[in-house]
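The values are calculated or read from the model by the stated rules, or taken from the named source; none is laboratory data. Values in this document were obtained by computation on a predicted structure and should not be read as measured data. A quick note on method: Cβ atoms are made from the backbone with ideal geometry, for glycine too, and the neighbour counts reach across all protein chains shown. Just so you know, the surface numbers come from the protein's heavy atoms only, side chains and all, with ligands and any DNA or RNA stripped out. Shrake-Rupley method; radii C 1.70, N 1.55, O 1.52, S 1.80 Å.
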Amino acid sequence: MSSTEQTPRPTRLAAAAAVAGIEALGLLAGGVYMLVHALTEKTGDLTGALTGAVTLAALGLIPLAAARGLWLRRSWSRGPAVITQILALPVAWQMLQADSAMIPVGAVLAVLAVTGLVLLVNPATTEALGIRRPGQDTP
């Protein structure tokens, strides 16, 4: 058993996993919504709507895998989680610019993305994942 499995999971790491999991669920739910909408409504471009729905659902698998990896303390999981947060910021910005019900969704996404980034770069998180900072000696 490694030393990371013997120590309790830091709260920041658990919170980062939760943020990634919430984002994954949002993407998966959006993909399912788009799929149902494409199949039940008359859309001009059924192929495009289906492609968008499948793409959105597939993109949800990235933060889902990252959330699981963070929870299990896999060092590889921080990269996809950070990339997800960085990509979420311009999406949130676009939602905030909309003149629709997407504004609250954009605000929630922005808060999740910034919170996720802060949690993922926190020294307690990197240490729990076994990631060494530049210049840090090996244990």
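General observations
- Condition met for A20 (closer than 14 Å to G116 by Cα, open to solvent by less than 40 Å² (accessible area, probe 1.4 Å) and touching a helix residue (DSSP H, G or I) at 6+ places or on another chain (Cβ under 7 Å)): yes
- Conditions (1) within 14 Å of T125 (Cα to Cα); (2) at pLDDT below 95; number of the one not met by L50: (1)
- Across the stretch 90-111, the number of residues qualifying as open to solvent by 60 Å² or more (accessible area, probe 1.4 Å), part of a helix (DSSP H, G or I) and hydrophobic (A, V, I, L, M, F, W, C) comes to 8.
- Meets criteria (modelled with pLDDT of 95 or more and over 15 Å from A16 (Cα atoms)) for W93: yes
- Inspection of the stretch 75-93 identifies at least one residue that is more than 12 Å from the chain's Cα centre (by Cα) and touching a residue at least 24 places away in the same chain (Cβ under 8 Å).
- In this structure, A107 qualifies as touching a helix residue (DSSP H, G or I) at 6+ places or on another chain (Cβ under 7 Å) and closer than 24 Å to G31 by Cβ.
- Once the stretch 23-78 is narrowed to residues that are hydroxyl-bearing (S, T, Y) and assigned to a helix (DSSP H, G or I), the residue that is most open to solvent (accessible area, probe 1.4 Å) is Y33.
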